[in-house]
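Report on the following structure.
The values are calculated or read from the model by the stated rules, or taken from the named source; none is laboratory data. Please read all numbers here as calculations on a predicted model, not as lab measurements. A quick note on method: Cβ atoms are made from the backbone with ideal geometry, for glycine too, and the neighbour counts reach across all protein chains shown.
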Amino acid sequence: MCDKRDGGLLFAFLIGAAAGAAVTVFLTSEKGQELREQFQDWAGDKMDEGLDKARDLKDDLGKQVKKKAKDFKKKMQDFKENLVDAEQ
């Protein structure tokens, strides 16, 4: 009989074998050296892109916070003026 756990175990074994083969090629051959360099370049590019996006998001968020703070301050001033007018 076939148990559902057998499929998961087989899948885990195959993933482990594929990862092991990839690591072996990646670390041992001259082609592996070339792959490592390409991966380092790719990873560096992706890190730079991520940092650029993070900076852009930070800038956009800062602008939004300043605008919301300004709007809130204006609303509080209007509320205060309306409150003073109501008391008179």
If we scan region 9-20, do we find a residue that is in contact with a Leu (Cβ under 9 Å, 6 or more places away or on another chain) and at pLDDT below 90?
no
Only one of Gln38, Gln64, Gln77, Gln88 is more than 23 Å from the chain's Cα centre (by Cα) and either surrounded by 10 or more Cβ atoms within 10 Å (Cβ to Cβ) or in contact (Cβ under 8 Å) with a residue 60 or more places away in the chain (or both), namely Gln77
